[in-house]
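The values are calculated or read from the model by the stated rules, or taken from the named source; none is laboratory data. Quantities reported herein were computed from a predicted structural model and do not represent experimental measurements. Positions of Cβ are backbone-derived with ideal geometry, glycine not excepted, and every protein chain shown enters the neighbour counts. Quick note on the areas: whole protein, heavy atoms, side chains included, nothing else; ligands and nucleic acids left out. Shrake-Rupley method; radii C 1.70, N 1.55, O 1.52, S 1.80 Å.
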Amino acid sequence: MFAAAFLCLVFPARLAVAFDNAGPAAAAAAAATFALPLLYTVPLGRAVWKRHRNWLLAAQVVLTYLPFAIFGQDWVVGLPGFLAGLILLTVRAPVSWVLFGAVLMVEAALRIDISLPVGTSVSATIWAFSVPVNTAVALFGLVRLADLVTGLHATQAERAALATTRQRLRSEGRLREAIGDRLEAVNAHATAARLVLADIPDQARSQIVDAAAVARQALAQVRVAVADDDPDPSTSEAGQPGDTMAPRVARFVLVVVLCAFSTQIVANVVQSEPPTMAAVSSVLIVIAIVMLQLHHTPSRREGSRPRAWAWTLAAQTLLSLVSFRVELTLLAMATCAAGSMLLLLRGRWAWAGFVVISFTVGMIMAASRPYTTYNVTPYYPVYASTTVAAYGLVIYGLTRLSDLAHQVEAARQDLAQMAVLHERLRVARDVHDLLGLGLSAVALKCDLIIRLIGRDDTRARDELERLMTLVARARSDMLSVTGEAHNLLSLRSELDAARDTLATADIEVRALVPSSPVPPSIDAVLATVLREAITNILRHSTAQQCTIQLSVADGAFRLYVVNDGVPTAEVSTTSGVGVRSLRVRVQALGGQLTVGPDGKGRFEVMVKIPFTA
């Protein structure tokens with residue numbers, strides 16, 4: 001957008017000069033040089049350039065230099081800047097910069113006439129270099145900055161995904177360290193106990209005692225592992241400030257444009273051979289305007305403005321518009337004031353100030369025609385106004401795109417931090433919901449086997465097999481927590497596990513679950529609720545009986561898990577981490593979760609989830 005607007009504003013300025021120098025034919029030739037650069041600034045044209053770069057560059061060379069052979073020195077100065085800018089945009093560095101220098105050398109060779117007086121020759125040399133450089137670098141900077149900002153937008157999701165992956169790997173490492181090795185140890189103890197159960201029961205019992213201790217250590221560590229996992233996201237890699245090239249490109253291009261512009265203006269002043277005081281004043285005015293511009297255009301956050309901006313803007317505007325009293329050519333420095341209007345004012349006032357500055361320069365140029373020794377033709381007011389507007393837009397565009405790059409980078413960091421937080425919360429929730437019951441079941445199974453050894457070795461052997469199955473399941477749950485594809489729990493399998501686990505703890509189970517199918521998403525949430533309810537019964541209650549009932553009525557699934565043990569410790573679990581986690585899952589499906597004593601000496605967990613038949 002900025003690059004296209006820049007070309008559209010430069011267009012009438014160059015046409016005015018071409019028409020004034022050599023007539024309509026030169027103006028038509030000048031207009032042709034804008035076509036291919038303008039094509040590059042639109043997405044569809046960019047694709048054409050990508051396919052036919054060499055042919056289009058060759059065409060731009062012809063459009064740039066063929067008119068010089070026809071019109072000679074009357075051909076517009078600076079139009080090779082479009083060719084140089086396209087080379088910087090389409091050819092890889094460092095070849096692009098070599099070709100860029102070659103274009104400048106060719107322009108200098110065509111323009112410099114050593115037979116001219118020294119002052120005129122110096123001015124022509126500076127013009128031959130500064131005007132193409134200004135045009136090329138402005139086009140390159142605006143297009144490249146826009147591409148960088150677009151690229152930052154496109155990589156937001158990728159950065160968030162990368163941050164999530166890193167957090168997942170970090171969580172996986174902590175979980176493996178906390179419980180993975182311990183599960184392997186439990187499995188090793190169970191295997192050793194099975195081998196010596198028949199011959200050395202005391203050794204088998206010792207192995208299972210050790211296994212039970214390790215299982216309870218894993219249960220204690222499972223929450224600690226996630227709770228200690230980088231609790232402050234600002235200290236994680238996702239929260240570190242990102243480095244983007246856009247502000248550096250913007251500063252480089254802006255400095256080049258300002259230097260080329262000011263050098264060009266100072267050279268014009270020197271060429272006119274003014275009195276010493278006027279020459280010194282002109283140089284000081286140019287330096288002051290440039291310094292004020294650098295004050296107005298640092299990399300800023302959205303909505304911020306530099307200190308004393310109202311005073312510095314007023315000073316810059318006055319210096320720009322009254323400088324013609326010293327030297328008429330200094331009016332071109334009003335381009336800085338035009339850019340500052342867009343940067344520092346708000347809304348309509350910004351564009352109004354921009355238009356007023358540009359229009360005023362043209363009016364001053366027109367009014368000065370009868371009173372100046374310069375060859376100010378009727379077309380020069382158009383040239384002056386549009387040039388001020390074009391490069392004022394360059395100053396605004398470079399600064400604005402740099403600000404946008406900062407804002408997009410900040411958004412990328414925020415998105416990555418949110419992704420990390422979301423992943424940490426998910427892992428913590430899944431660890432609590434998935435691993436708690438499995439590890440509790442492993443510990444309880446160990447206790448049962450210890451009681452059976454020496455009393456019923458046959459059943460103890462069977463329970464050892466079940467213990468190893470429980471360990472394998474706990475290991476699978478751990479991998480599911482930190483894997484990219486999270487396994488959905490099944491209500492049926494959780495019901496079977498609940499029966500087995502509660503029976504191990506000598507709790508009588510009554511299950512009333514119909515055989516009708518349950519939608520997978522609802523089934524997974526109900527299974528999670530059941531697992532958490534059973535985990536809390538084992539940890540917090542003195543239950544002797546537990547009833548599990550699933551019903552379907554009035555467009556909703558209802559799951560009840562009721563037990564007859566309601567100690568004070570269990571009542572406190574109604575607002576614990578597990579309940580909050582379950583409530584999040586249930587509410588995500590539009591359901592309700594109720595947890596607490598039912599008033600009849602029992603503790604009840606009830607979940608209701610609506611469904612569409």
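For the reader, a short list of remarks on this structure follows.
- Extension gain, A411 to A59, is 122.6 nm, computed as 0.36 nm per intervening residue step minus the present C-alpha separation.
- Summing Cβ point charges (Lys, Arg +1; Asp, Glu -1) relative to the Cα centre of the range 1-140 gives a dipole of roughly 620 debye.
- Fully extended contour minus Cα-Cα distance, from R510 to R307, at 0.36 nm per residue: 65.6 nm
- Packing-based ranking, highest mean first, of 257-268, 391-402 given that Cβ atoms within 10 Å are counted: 391-402, 257-268
- Largest-first ordering by accessible area, 1.4 Å probe, given options F100, F324: F324, F100
- Of the residues L44, L169, L495, ranked by 1.4 Å probe accessible area with the largest first, the sequence reads L44, L169, L495.
- Rolling a 1.4 Å probe across the protein heavy atoms gives the range 297-366 an accessible surface of 49 Å² per residue.
- Here the Karplus curve 6.51 cos²θ - 1.76 cosθ + 1.60, taken at θ = phi - 60°, turns the phi angles of the range 97-103 into couplings of 6, 5, 5, 4, x, 5, 4 Hz, with x standing for Gly and Pro.
- Spin-label pair A472/R455, simplified geometry with 7 Å Cα→Cβ offset, distance in nm: 2.8 nm
- With the whole protein complex present, Y560 retains an accessible surface near 60 Å², based on a 1.4 Å probe.
- Sorting the segments 596-605, 90-99, 285-294 by their mean number of nearby beta carbons within 10 angstrom, highest to lowest, gives 285-294, 596-605, 90-99.
- Taking all protein chains together, K50, K608 sort by accessible area into K50, K608, largest first [probe 1.4 Å].
- Packing order of peptides 14-22, 195-203, highest average first: 14-22, 195-203 (average count of other Cβ atoms within 10 Å over each peptide's residues).
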